[in-house]
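The values are calculated or read from the model by the stated rules, or taken from the named source; none is laboratory data. Treat the numbers as computed from the prediction; the structure is a model and nothing was measured. Neighbour counts are summed over all protein chains in view; Cβ atoms, including those assigned to glycine, are modelled from backbone coordinates with ideal geometry. Remember, those area values only see protein heavy atoms, side chains included, never the ligands or the DNA or RNA. Shrake-Rupley method; radii C 1.70, N 1.55, O 1.52, S 1.80 Å.
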Amino acid sequence: MNASASASVPTTADTLRSALGGLLDGLPPKQATAAVERLIANYRGRTPTDAPVLRDRSDVAAYAAYRMPATFEAVRAALYALAEAAPQWAPGSHVDVGGGTGAATWAVDAIWEGPRDTTVLDWAEPALALGKELAASSGSQVLRAAEWRRAVIGAGLVLPEAELVTVSYVLGELTPQARQAVVAEAARAGQAVVLIEPGTPEGYLRIREARDQLIAAGLRVAAPCPHDGTCPIEVGQDWCHFSARVSRSSLHRQVKGGSLPYEDEKFSYVAATRFPAEPAPSRITRRPQIRKGLVLLDLCGPEGEGLTRATVTKRHGDLYKAARDADWGQEWPPTSP
């Protein structure tokens, strides 16, 4: 893992934003907005399909400008949790399934240093072409050397074996049968598998089903769950999701309005491995609530303990200070309070 992973992320994110700059030049604003609105509907998981979501250059440009920074931040957060669970491990090979314009490959590059063979698979040629173009403008030898290959994402998919397989914001585009086939193939091919979906109730259910499938295939959960047992959340009552902060582009402001320079990307994920990893003792599942003299933490704990709420007060000393600095999605208690 990058010794300065958290410090290097802004640099990688800035490089990505720079590469995305000017991407919409020449594309009429109304066309960009229409493409984004259609893509938003798809990525909320309500329109499973057997065809690519990104259809042409305008779709791809709109997607990259609007969605790529958010996808990057969500995937980076999930990968960072995996890296925390396996600090001595770094992937020497990476396959990104349905990788589109390559946000996950940028996220992997932000977390781990060193040489790495990278393959991006997608069924949309325009997305692959733009992804390769963006990677060529980066300062990373790994990104510039990545292979961009067309593949039908669904039943019949065959992946090269890899130390890391990522599937981000893809499962919701697939029919249930295709989804199961993709997860099964990722489990077969990868030593570590990381799946990310939108942080909606539907996205969480897809991750929950995929988590069960990965465990049945012999992988062990590394993050976010502290265990491999049944998820303690009652379906329909709540859902497991996390948040990553994203700088808002001009296209974000154009489509959504508002004046804030950022927005929070909600996502659900699971990371599972075939090698030893140490899951968090507990995971903070909601934004900590800071009160006068105390902090309330909603936690998912070890198997059998389930969902709990911890109250950390000033009398806890250093742990109280850590709780005030803690964030949604982090492990608890911290390794070094």
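What full-extension length gain, to one decimal in nm, is calculated for LEU307 and GLU125 as 0.36 nm per residue of separation minus the Cα-Cα distance?
Details: separation 182, 0.36 × 182 = 65.52 nm, distance 4.40 nm.
Full-extension gain reported as 61.1 nm.
When DSSP beta bridges are restricted to pairs lying wholly in the chain, around 60% turn out antiparallel. Rolling a 1.4 Å probe over the protein heavy atoms gives the chain an accessible area of 44 Å² per residue.
By the Cα gyration tensor, the chain has an equivalent ellipsoid whose semi-axes, rounded to whole angstrom, run 31, 23, 20 from largest to smallest.
What a 1.4 Å probe finds exposed on the chain is 50% carbon and sulfur by accessible area, rounded to a whole percent.
Counting residues in the range 61-150 as N, plug N into 2.2 N^0.38 Å and put the Cα Rg over that result. Can you show the working numbers first?
Numbers: Rg = 12.5 Å, N = 90, 2.2 N^0.38 = 12.2 Å.
Compared with the compact-globule rule of thumb, the range 61-150 sits at 1.03.
Between ALA136 and GLN237, the distance separating the two model label sites (each 7 Å from Cα on the Cα→Cβ line) works out to 5.4 nm. Taking all protein chains together and rolling a 1.4 Å probe, HIS227 ends up with roughly 20 Å² accessible. Dipole magnitude for the chain: computed about the Cα centre from +1 point charges on Lys and Arg Cβ and -1 point charges on Asp and Glu Cβ, it is near 960 debye.
Label separation (SER247 vs LYS30): 3.2 nm, computed from points 7 Å beyond Cα along the C-beta direction. In this rough spin-label picture, where each label sits 7 Å from Cα along the Cβ direction, the GLU209-THR175 distance is 1.3 nm.
Among complete DSSP H helices in the chain, those whose alpha-carbon atoms stretch at least 30 Å along the helix's long axis and whose mean Kyte-Doolittle hydropathy reaches -1.0 are 57-85. Each peptide in 151-161, 301-311 was scored by the mean count of other Cβ atoms within 10 Å over its residues; highest first, the order is 151-161, 301-311.
Around ALA223, under 9 Å between beta carbons, what's the net of Lys plus Arg minus Asp minus Glu among the other residues? Combined, the nearby Lys, Arg, Asp and Glu give -1.
Rounded to the nearest 0.05, what FRET efficiency is calculated for VAL158 and ARG286 with R0 set to 41 Å and r the Cβ-Cβ distance? After rounding to 0.05, the efficiency reads 0.55. What aspartates and glutamates could a cross-link reach from LYS30, if we take a straight Cα to Cα line under 17 Å and drop same-chain neighbours fewer than 8 places away? Excluding near neighbours in sequence, the set is ASP56, ASP59. Pairs of Cα atoms nearer than 8 Å and 6+ residues apart set the relative contact order; for the chain it is 16 percent.
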